[in-house]
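Read-outs throughout are calculated quantities, based only on the coordinates presented, and are distinct from any laboratory measurement. Computed from a predicted model, the values in this text were never measured in an experiment. Using ideal geometry, Cβ is built from the backbone for each residue, glycine included, and neighbour counts are taken over all protein chains shown.
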Amino acid sequence: MKIKVSILAFILVLLPLLTSRTFAQVQTRIRTIEASNVGSSVDPSLRDVHDDLGSLFNFTSYRLLRDESVSLTLNKPYEISAHREVSLEVTLVSQKKNTAQYRIRIRRGPSELLNTQVRLSSGRTVLVGGPKHGQGIVILALSARF
């Protein structure tokens, strides 16, 4: 009888830990940006990342194409159709107290153009350069809140 009670107590202690890891969700903001050298304007909604864009990429114009806030669940990919057979896929692969780790995949048709992982602290933004778009490229700005 003591063994059954001990096993039951052990399961009850582990159950909240297992369900919180299984159903962990992270609020994620995904911005798709077009960067080019046509003109010299910066979309007003990108002011918070303008300095980072300028230090990482050599373009004169940045235009917001898409801005989404989604609640990502562990290992469930979120797909964004970018343009002309290009798709972006963002997957939350782990979440710990201070960081969330994402896998980012960019595909053009069946070909994989990029497959990388990034770590984010809550409130921070990471920029990932992507494929050609028009006369420039697509940049993905990923932010997390947890």
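Derived value for the stretch 24-145: Kirkwood hydrodynamic radius 14.7 Å. Basis is the mean of 1/r over every pair of different alpha-carbon atoms.
Taken one residue at a time, the phi angles of the stretch 87-102 give Karplus couplings (6.51, -1.76, 1.60, θ = phi - 60°) of 10, 10, 10, 10, 10, 6, 9, 6, 8, 10, 3, 10, 9, 10, 10, 10 Hz. Gly and Pro are set to x.
In this structure the amide hydrogen of Ser94, modeled in the peptide plane, comes within under 5 Å of the amide hydrogens of Gln101, none closer than 5 places in sequence on its chain.
Amide H to amide H, with H built 1.01 Å from N, Leu113 comes under 5 Å of Ile106, Arg107, Arg108, counting only residues 5 or more places away or on other chains.
Counting every other Cβ atom within 10 Å of each residue's Cβ, Ile137, Ile104, Ile33 order from fewest to most as Ile137, Ile104, Ile33. Ordering Leu64, Pro77, Tyr102 by Cα displacement along the dipole of the stretch 61-119 toward the positive end leaves Tyr102 in first place; charges were set at the Cβ atoms of Lys, Arg (+1) and Asp, Glu (-1). Remark: the stretch 24-145 carries a charge dipole of roughly 380 debye about the Cα centre, counting +1 on each Lys and Arg Cβ and -1 on each Asp and Glu Cβ.
With the simple model of a label 7 Å out from the Cα in the direction of the Cβ, Ser87 to Arg103 spans 1.5 nm.
For the stretch 116-128, putting each phi into the Karplus relation 6.51 cos²θ - 1.76 cosθ + 1.60 with θ = phi - 60° gives couplings of 9, 10, 10, 10, 10, 8, 4, x, 9, 10, 10, 10, 10 Hz, in residue order, rounded to whole numbers and with x for Gly and Pro.
Rounded to whole numbers, the Karplus 3J(HN,Hα) couplings from phi for the stretch 35-41 are 10, 8, 10, 8, x, 9, 9 Hz, using 6.51 cos²θ - 1.76 cosθ + 1.60 with θ = phi - 60°, and x at Gly and Pro.
Using the average count of surrounding beta-carbon atoms within 10 Å as a protection proxy, the listed peptides 47-53, 139-145 rank, highest first, as 139-145, 47-53.
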